[in-house]
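Report on the following structure.
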Amino acid sequence: MFKLYYAPGTCALASHIALEEAGASYTAERLDFKNSQQTTPQYLAINPKGRVPALVTDHGTLTETPAILAFIASSFPKAKLAPDDPFEFAQAQSFNSYLCSTVHINHAHKMRGYRWAVDESSFADMKRKVPETMAASFALIERDMIKGPWVMGEQYTVCDPYLYTIALWLEGDGVDLAPLPKVAAHRKRMSERPAVQKVLAEAKA
């Protein structure tokens, strides 16, 4: 039995969907970010980074979305959430790493400028840049990275819930979906999956 710690509106949604798609036995505990539950001693004992997701397993706790997604895919091979070919699996890892290391960081500049600067004017400047950097990242994804109909082609993989999760942030980041028809179609296709609908309903409950 796994235990996933998450917060609504965060990248933890990708891991939550992947667990459901895999048919894993798990529980999910929602953290209240508004009351800084992620910085309490109780949670920091689970994840000293004070962030989500965190996945508690029989072997220990995993953090960072790409690692958790790879673990889920490897733990449930019958679900076929990752390519069997080593090179294609590395390509999937490359895609998820890009979302984690570049796209998510672009998004975080909107409300977490304090991680990179101390001057309030710097926060505002970073926030103004978000629509540009997010649009540029997704233009690259649209043009060169989505093989279709899923990220890796015909096979649905753990890349798909991760892309879906971050694509949900686009309008709030000031990005127009019109130039991103593949991304928009992917997001719609994801929203129709039973696992996605179940997880979203649970997150709202």
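The values are calculated or read from the model by the stated rules, or taken from the named source; none is laboratory data. In this text, all values refer to a predicted model and were calculated from it rather than measured experimentally. So basically every Cβ, Gly included, is an ideal-geometry build from the backbone, and we count neighbours across all protein chains shown.
Exactly one residue out of Asp119, Asp125, Asp58 is acidic (Asp, Glu) and not assigned by TED's automatic domain parsing to the domain that holds Tyr156: that is Asp58.
Filtering Ala73, Ala67, Ala92 for residues that are small (Gly, Ala, Ser), in the same structural domain as Tyr156 (by TED's automatic domain parsing), part of a helix (DSSP H, G or I) and surrounded by 15 or more Cβ atoms within 10 Å (Cβ to Cβ) leaves a single hit, Ala92. Restricting attention to the stretch 10-34, and to residues there that are of a type outside the set (Ser, Thr, Tyr) and under 19 Å from Arg115 (Cα atoms), which single residue is surrounded by the most Cβ atoms within 10 Å (Cβ to Cβ)? Here the answer is Cys11. What residue, among those in the stretch 56-72 that are in contact with a Pro (Cβ under 9 Å, 6 or more places away or on another chain) and touching a residue at least 60 places away in the same chain (Cβ under 8 Å), is farthest from Lys127 (Cα to Cα)? Per the stated criteria, the residue is Leu69.
Restricting Glu142, Glu171 to residues that are of a type in the set (D, E, K, R) and farther than 23 Å from Phe87 by Cα narrows the list to Glu171. Taking into account only those residues within the stretch 95-132 that are among the charged types (D, E, K, R) and not in a helix (DSSP H, G or I), which is surrounded by the most Cβ atoms within 10 Å (Cβ to Cβ)? Only one residue fits best here, namely Lys110. Only residues that are of a type in the set (Phe, Trp, Tyr) and within 19 Å of Leu163 (Cα to Cα): list them for the stretch 54-83, please. The answer is Phe71, and nothing else. Within the stretch 12-32, is there a residue that is modelled with pLDDT of 95 or more, part of a loop (DSSP other than H, G, I, E, B), in contact with a Leu (Cβ under 9 Å, 6 or more places away or on another chain) and within 21 Å of Leu168 (Cβ to Cβ)? No, the conditions are met nowhere in the stretch 12-32.
Number of residues in the stretch 148-164 that are under 8 Å from the mean Cα position of the chain (by Cα), buried (at least 24 other Cβ atoms within 10 Å of the Cβ) and under 14 Å from Val103 (Cβ atoms): the value is 2. As a summary of the residue check, Thr57 satisfies the conditions (1) more than 18 Å from the chain's Cα centre (by Cα); (2) β-branched (Val, Ile, Thr); (3) more than 18 Å from Lys3 (Cβ to Cβ) except for the one numbered (3). Scanning the stretch 52-63 for residues that are crowded, with 16+ Cβ neighbours inside 10 Å and part of a loop (DSSP other than H, G, I, E, B) yields Val52, Pro53.
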